[in-house]
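Undergrad: Quick one: this structure, given as C-alpha cells, is what I'll be asking you about.
The values are calculated or read from the model by the stated rules, or taken from the named source; none is laboratory data. Here the structure is a predicted model, which is why all the values come from computation and not from measurement. Quick reminder, even Gly has a Cβ in these numbers, built from the backbone with ideal geometry, and neighbours come from all protein chains shown. Ligands, DNA and RNA are excluded from the accessible area calculation, which covers all protein heavy atoms including side chains. Shrake-Rupley method; radii C 1.70, N 1.55, O 1.52, S 1.80 Å.
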Amino acid sequence: MTGLLTGGQSAALVVALGAPVAGAIAVVTGRLSPVARVVQASAAVSAAAWVLLLCTGARGRAAVFHVSPLVAAGGCGVALLAAAALDGARRDHRAVVGTVLALVASSAGLAGGGGSGQVVLAGAVLAGLVVATAASVDALPPPERRATVLFALAGLGAAIVGFVLLRAGGDGWSLPSTGTVPRASVVAFVLAGAALVVAGTLTGRRPTAVLLAGGLVLGLAAGPLRAGTDDLAAVAIGLALLAVAAAATGRGATALGLLALAGGAGPAALVPASRLLAAGSVVAAAVDRPAAWLTAVPGAVALAVGVVDTGGPLATGIAVAASLVAATLAVRATGPAGKKDPVATGPDRPWATPGIAPAVIVGAWLTVSPGAWTWTGASLRSYDRGMALAVGAGLVTVAAALAPELRLLTRSAPQQAPRGLRRVQSPGGPPWRRSCWRGAGRPPSPWSRRTSLRRLGRRRPPPSR
Amino acid sequence: MSLRRRLLAAVPARDRSAHRRSIDRTRAVPAGPIDDGATALGVERARLLCLAAAAGVVTMAVTSTGDLLVVGVLLGLVAADAVVGAVGVVAGMATLGRWSSSSLTALAGGQAVLGAAGWTGSVVLALSSWAAAAGVILVSPEGRPAALAFGLVAAGLVAGPALGDGSGSDLVVRIVASAIGVAGAWAASRAVPRRLAKVGGLGLAVFALFLAIAPATTTG
C-alpha cells in the first residue's frame, strides 16, 4: 500500500508527463519551429522531472498515475532516448511525429501502469507499448522496419501471454512486487523485455529506441520476483549468451540490456547490478558511441561484488558472460576501424549535440557517482570516493598541463611543436589563447594569390610600405 | 578521429614506418598523410586523457581509496589499450577473489591487520598476489606517469598496508614496495617487447585469478 505523492513530487510528475504532451501539441499545431528541437526540449524537461522524482525517492500515486523508482527510471530513459532519436541520421516529419507519440505513450503507459509500488498493471503498460511501437515503427525507413517489427511484435505478444498466465494463476491483471507469481508468467515477461530490448536497439538512434526502456522496465519488474529460486536459471544463462553474441557483433547497448535482464533473472544479489547495467544500456543507446559503453563500469563492479557475495554456478556463469561482453566491447572499441560497432554512429562531440547532451550528463553522473543512485540498491561507496578523487586529480593534472607556465611538470609532453602545428604567441585575447598551438604546414591552397603568381612565373609583388 | 590514429601520430618519426606497417596490416589507418593540424591536436587531447587517467590512478593508489576494478579500467585508459585494461581488471578480480572485496581501502586495511599480501597467508594466495602485481608491472607502457601509476598499483597488490595507525614499519614497507614497483614498471616498459609484455601480463593475471579462486573452489 502506498500513499500520495507530496506536492513537489506531484508537480514533478505533472511536468514529466505534461512536457511530452506539450511537445506533441507543438508538433500538431506547427506553431513552434523547428519542431524537432521543441520535441527535444520537451523530452529533456521530462527527463529532468523524472530525475527529480528519482532523487526524492518518490513512491506513491497522484490521480490515476503511480510512481516507483523503477517507473521513474524508465520514464527518464524513455525521454533521453526520444531526445537522442531526433538527432539521428534521418530526421523527417514522420520521425518527429513518431518520436513524440512514442514518448507520450510510453511515459503515460509506464506511469499509468506503475500501480501501487512496484506493481505493473496490464492495461496501461500494454496500451502504452502498443502505441509507442506503432508510432515509432512507422517512422522507420522500410529497410530497417521488418526486423524491428518482428522483435517488437514478439515482445508485445510475450507480454500479453505473461499477463494472461498471471490472470490464470489467480493474481488478476497486475504483476505484484512481492509474493508468489507463476513461473511461466515471469518467464514470459522477461522474454518480452528481451525482445523489446532487441527491437529498441536494432537500428541505433531511431524512434523505436524508446522500446528499450519499456522492455527493461518490464523485465526488471518481473525477473526479481523469482530471484530467491533457480527457476529462471536457463533463461538467465540464455540471455547472457545472447548478450555475448550481441557484443560480438558490436551492438553494445543490446548486449548491456540483455545482460541486465540476465542479472535481474539471476540471484537476488545481482539485482542492483542489473539495474545499473540497464541504466548504462539506456545511456549507451542514446549516446551511440563506443565511449558510452564505459557507463557499464558501475554495473560491472556491482556485478562482480554480487557474484563474490552470492557464489554459485548461476552467478558465476553470468559473471563469465559479463567478462566476455566487457572484453569483446573493449576490443571492438579500441580495435581496427573496420571492425567497430556497426550501429555506433553518434556524433563525434555528443556533449555538444542538443539531443544527446542530457544523456551525456546522466551517463557522466552514473559513471562518476553510481552510489548516489540509491534506487538501484547497489552499495558502491568505495567506488564513489575513489572516482571522485580520480576525477579531481585528473582535472587538476589537465589544468596544469594546459598552463604553459607549468609545462615542466609534464616532461613527457612534447617540448617542441607537434608536427603540423606552430606555437602562436598573441598578447591580446583571453589568457588561454595567449600561447597556443595553431595549424600550419598545410599545402598552400591552389587558389591562393601566391600560388597563382608562382604558376604564372611572376614574382610576388613587394609589400607596399 | 580514433584514439589509435591519434596515438599513431604521436610515434616518433623514426619509428613511424614500422608502426605504420604493423598497423596497416590490420587496416586500422587508411593510407595517406596523417600529420595535419587536426591530428596533432588529437594527439594532444589523447595525451591529456592518458595523463589525467594516470593522475587518477596514482591518487587512488596513494590514498588507498576507490575500487580495484575501476583502477583496472583506468590503467587501460592510461595505456590506451584494451589488453592492458583487461590485465588490470583481471588482476583486480584476483584480489577480489582473495579478499572478498574490491575496495582499495579494505585491501589496505586487511594488509595492515593481517600483514602484507605478498608474504601472508597460504603460499597459493601469496603467489596469486605476486602474479597479479607482476602482470600489472609487465604491461606498463613507456613514460614516467604510466610507470608511476602501474608501479604504485602493483605495489599495493603485494605490500600496501594502510597507514592509519601510524605504524612506522608499515610506512617503510609501503615506500620500499612503491619504489620497487615504479622502478620495475619503468624497466619493464623499456626492456620487454610490447607484444610479449601484453601476452605475459594477461597470462600472469589469469594465473593469479585462478590461484585466488582455486582454494575457495576446492574447499567450498
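Undergrad: Along the Cα→Cβ direction, 7 angstrom out, place labels at A:Ala388 and A:Val14. What is the inter-label distance in nm?
TA: 3.5 nm
Undergrad: Note the full-extension length gain between B:Val124 and B:Phe210 as 0.36 nm times their separation in residues minus their Cα-Cα distance, in nm to one decimal. Walk me through the intermediate numbers first.
TA: Values: separation 86, 0.36 × 86 = 30.96 nm, distance 0.99 nm.
Here the segment from B:Val124 to B:Phe210 would lengthen by 30.0 nm.
Undergrad: Please average, across the residues of B:57-70, the number of beta carbons from any other chain that are within 10 Å of each residue's own beta carbon, and give a whole number.
TA: Working: counts 4, 3, 9, 7, 1, 2, 4, 2, 8, 9, 13, 4, 9, 11.
Neighbouring Cβ atoms belonging to other protein chains average 6 per residue here.
Undergrad: Ok, one more. Quick one: which residues, 5 or more positions from A:Gly266 or on another chain, have an amide H under 5 Å from its amide H? H modelled 1.01 Å from N in the peptide plane, none for Pro or chain starts.
TA: So A:Gly266 has HN proximity to no qualifying residue.
Undergrad: How high is the FRET efficiency from B:Ala191 to A:Val396, r the C-beta distance, R0 45 Å, rounded to 0.05?
TA: Working: r = 32 Å, r/R0 = 0.71.
The formula returns an efficiency of 0.90 here.
Undergrad: Protein chains only, probe 1.4 Å: how do B:Trp130, B:Trp119 rank by accessible area, largest first? Before the final figure, lay out the partial values.
TA: Numbers: B:Trp130 125, B:Trp119 155 Å².
Ranked list, largest accessible area first: B:Trp119, B:Trp130.
Undergrad: Taking 0.36 nm per intervening residue step and subtracting the Cα-Cα distance, what contour gain separates A:Ala184 from A:Val368 on full extension?
TA: Details: separation 184, 0.36 × 184 = 66.24 nm, distance 3.85 nm.
Separation in residues times 0.36 nm, less the Cα-Cα distance, equals 62.4 nm.
Undergrad: Calculated FRET efficiency, A:Ala248 and A:Val320, Cβ-Cβ r, R0 22 Å, to nearest 0.05?
TA: Values: r = 15 Å, r/R0 = 0.67.
Efficiency, from the Cβ-Cβ distance: 0.90.
Undergrad: Send over a whole-number figure in Å² for the accessible area per residue of the range B:113-200, probe 1.4 Å. Before the final figure, lay out each step's value.
TA: Details: 4160 Å² over 88 residues.
With the other protein chains kept in place, the range B:113-200 gives 47 Å² per residue.
Undergrad: Continuing with the same structure: Measure off 7 Å from each Cα along the Cα-to-Cβ vector at A:Val164 and B:Ile175, then give the distance between these two points in nanometres to one decimal.
TA: The answer from the label model is 7.6 nm.
Undergrad: Any chance you could list the semi-axes, whole Å, largest first, of the equivalent ellipsoid that the Cα gyration tensor gives for the range B:87-146, using √(5λ)? Please report the intermediate quantities before stating the final value.
TA: Numbers: eigenvalues 89, 33, 25 Å².
Here the semi-axes work out to 21, 13, 11 Å.
Undergrad: Across all directions of projection, what mean area in square nanometres is found for the Cα convex hull of the range B:140-211? Walk me through the numbers before you get to the answer.
TA: Numbers: hull surface 21.5 nm².
Computed as one quarter of the Cα hull surface, the answer is 5.4 nm².
Undergrad: When you count, for each residue, the other Cβ atoms within 10 Å and take the mean per peptide, how do B:87-100, A:199-212 rank with the highest first? Write out the running numbers ahead of the final one.
TA: Working: B:87-100: 27.0, A:199-212: 29.2.
My ranking of the peptides, most packed first, is A:199-212, B:87-100.
Undergrad: Still on this structure: Would you mind pulling out the separation of the Cα centroids of the range A:11-67 and the range B:81-115, in Å?
TA: Cα centroid of the range A:11-67 versus Cα centroid of the range B:81-115: 44 Å apart.
Undergrad: How many Cβ atoms of partner chains, on average, are near each residue of B:136-148 if near means within 10 Å of its Cβ? Could you put the intermediate results ahead of the total?
TA: Numbers: counts 0, 0, 0, 0, 0, 0, 1, 2, 3, 4, 1, 0, 0.
Mean inter-chain Cβ contacts per residue within 10 Å come to 1.
Undergrad: Also: Label points 7 Å out from Cα along the Cβ direction at A:Thr56 and A:Arg381: separation in nm?
TA: 2.8 nm
Undergrad: Tell me, what ³J(HN,Hα) does each residue in the range B:187-201 have, in order and in whole Hz, if you take phi through Karplus 6.51 cos²θ - 1.76 cosθ + 1.60 with θ = phi - 60° and put x for Gly and Pro?
TA: Ordered by residue, 3J(HN,Hα) equals 5, 5, 5, 9, 8, 9, x, 4, 5, 5, 4, 5, 5, x, x Hz.
Undergrad: Over the range B:75-183, with every protein chain in place, what whole percent of the accessible area is carbon and sulfur at 1.4 Å, could you tell me? Don't skip to the answer; put the middle values down first.
TA: Numbers: 2870 of 3940 Å².
Within the range B:75-183, the accessible surface is 73 percent carbon and sulfur.
Undergrad: Express in whole angstrom the spacing between the alpha-carbon centres of the range A:122-164 and the range A:262-306.
TA: After rounding, the separation between the Cα centres reads 24 Å.
Undergrad: Now for a different question. Heads up, I need the accessible area for A:Ile361: 1.4 angstrom probe, whole protein in place, Å², nearest 10.
TA: 120 Å²
Undergrad: Are there residues in the range A:301-315 whose accessible area shrinks by at least 30 Å² when all protein chains are included rather than the chain by itself, and which are they (probe 1.4 Å, ligands and nucleic acids not counted)?
TA: Going by heavy-atom accessible area, the residues of the range A:301-315 that drop by at least 30 Å² are A:Val301, A:Ala304, A:Val308.
Undergrad: Let me ask something else. 5 Å is the cut-off here: which amide hydrogens, built 1.01 Å from N in the peptide plane, fall below it relative to A:His66, excluding neighbours closer than 5 in sequence?
TA: A:Gly112, A:Gly114, A:Gly115
Undergrad: Would you kindly calculate the mean projected area, averaged across all directions, of the convex hull enclosing the Cα atoms of the range B:59-215, in square nanometres? Intermediate results must be reported in sequence, preceding the final value.
TA: Values: hull surface 30.6 nm².
So the Cα hull casts an average projection of 7.7 nm².
Undergrad: Could you please report the charge total around A:Pro370, scoring K, R as +1 and D, E as -1 over all other residues with beta-carbon less than 15 angstrom from its beta-carbon? Don't skip to the answer; put the middle values down first.
TA: Numbers: positive: A:Arg275, A:Arg381, A:Arg385; negative: A:Asp384, B:Asp67.
Around A:Pro370, the charge tally is +1.
Undergrad: Provide the buried accessible surface between chains B and A in square angstrom, both chains summed, 1.4 Å probe, rounded to the nearest 100.
TA: Working: alone 11040 and 21720 Å², together 29890 Å².
What B and A bury together is about 2900 Å².
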